[in-house]
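Written out below as structure tokens is the structure these notes cover.
The values are calculated or read from the model by the stated rules, or taken from the named source; none is laboratory data. Source: prediction; values computed, not measured. Positions of Cβ are generated from backbone atoms using ideal geometry, with glycine treated the same way; all protein chains shown enter the neighbour counts. Just the protein is used for accessible areas: all its heavy atoms, side chains included, with ligands, DNA and RNA removed. Shrake-Rupley method; radii C 1.70, N 1.55, O 1.52, S 1.80 Å.
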Amino acid sequence: MKMIVGLGNIGTRYDETRHNTGFMVVEQLARDYHLGAFTHLKQEAVAVTGMINGEKVMIVKPTTFMNDSGRAVGPLVDYYDIDLDDLVVVNDDLDMPVGKVRLKTHGASGGHNGLKSIINALGTNKFNRIKVGIDHPKHGTVVSHVLGKFTKEERPDFDQAVLTAEHALEDWINGENFAQLMNEYN
């Protein structure tokens, strides 16, 4: 089974915010494949499981809030005995412009507290990730920026990035090597 984890914050006040980019990507994938509603798990997450092109896939959204994502992801990876090659984490990235997508097979958190929490929980930084750019704030604080919504001008680029991230996930689910996908998508 492959596990795809989208990072974000649970609650309607966070819907469509930049920090919920990971949630938005995985929700799009679940919708497009008619996987049904996300249901609560004991491991502080909501998830939906189904078949995508013959592959069993579990799509996960931690309910721990962004900074404690590892508290959900670590136990889920252990419980379902997920090989780290079969895990992808989708997250927002301040260091990339809106619309940019980058795949990585490992690396530091880059200051992203959700990734930092997952790295601590897994005991390694060697797991696949898809980073979607949300840009740096032009004014105001980083907190208000990540918890803010995309502007009308940014939204077309963001929507395209969601589709690009979804296509990368589909290619990975279909058996393409994640490292090779980096050459295609980066």
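The range 33-56 and the range 80-139 have their alpha-carbon centroids 21 Å apart.
Suppose only helical runs count, i.e. DSSP H with n ≥ 4. What mean residue ellipticity at 222 nm does that imply for the chain under -39500 (n - 2.57) per run, divided by all residues and rounded to the nearest 500 deg cm²/dmol?
On the way: 6 runs with 64 residues, N = 186.
-10500 deg cm²/dmol, from helical runs alone.
The candidates Asp159, Asp93, arranged from most to least accessible area with a 1.4 Å probe in the full protein assembly, appear as Asp159, Asp93.
Using the alpha-carbon positions of the range 117-160, Rg (one decimal) and Dmax (whole number) come out as 14.3, 40 Å. With the charge dipole of the chain set up from +1 on Lys and Arg Cβ and -1 on Asp and Glu Cβ about the Cα centre, the Cα lying farthest toward the positive end among the listed residues Val26, His145, Val132 is that of His145. Surface analysis of the range 2-185 yields an accessible area of 47 Å² per residue, using protein heavy atoms and a 1.4 Å probe. In degrees between 0 and 90, to the nearest 10, how far off the longest principal axis of the chain does helix 113-122 point, with axes built from Cα atoms? So the inclination is approximately 20 degrees. Computed over Cα pairs, the Kirkwood radius of the range 2-185 leads via Stokes-Einstein (1.002 mPa s, 20 °C) to a diffusion coefficient of 133 µm² per second. Charged side chains reduced to their Cβ positions (Lys and Arg at +1, Asp and Glu at -1) give the chain a dipole of some 540 debye around its Cα centre.
Looking at the chain alone, DSSP beta bridges between its own residues are antiparallel in about 55 percent of cases. Using a probe of 1.4 Å on the protein chains alone, the accessible area found for Tyr80 is around 80 Å². When Met58, Met1, Met51 are compared by accessible area at a 1.4 angstrom probe, the order from most to least is Met51, Met1, Met58. Note on Asp95 and Arg13: the extension gain reaches 27.1 nm, defined as 0.36 nm multiplied by sequence separation minus the Cα-Cα distance. Compute the acute angle (0 to 90°) between the alpha-carbon long axis of helix 21-32 and the principal axis of greatest extent of the alpha-carbon atoms of the chain; round to the nearest 10°. Helix 21-32 and the main axis of the chain meet at about 50 degrees. Look at the alpha carbon pairs under 8 Å that are at least 6 residues apart: their mean separation over the length of the range 2-185 gives a relative contact order of 26 percent.
Structure remark: mean-square fluctuation, Gaussian network model of the chain, C-alpha springs under 10 Å; the largest value among Asp135, Asp32, Asp15 belongs to Asp32.
Annotation note: trypsin sites (Lys or Arg not before Pro) in the range 30-110 located in DSSP loop regions with a Cβ neighbour count of at most 11 within 10 Å are Lys42.
For Glu55, the solvent-accessible surface with a 1.4 Å probe is about 60 Å², rounded to the nearest 10. The figure for Glu153 is an accessible area of roughly 140 square angstrom, using a 1.4 Å probe on the protein chains alone. Output the pairs from Lys42/Lys126; Lys104/Lys126; Lys56/Lys100; Lys42/Lys131; Lys42/Lys116 with a Cα-Cα distance over 19 Å in this structure; if there are none, say none. Those over the limit are Lys42/Lys126; Lys56/Lys100; Lys42/Lys131; Lys42/Lys116. Measuring nothing but how far apart in sequence close Cα pairs (under 8 Å, 6+ apart) lie, relative to its length, the range 13-97 scores a relative contact order of 29 percent. Debye-formula intensities of the range 69-167, expressed as log10 I(q)/I(0) at q = 0.22 Å⁻¹, are -1.14 (one equal scatterer per alpha-carbon, no solvent). A convex hull fitted around the alpha carbon atoms of the range 1-74 yields 81 Å³ per residue.
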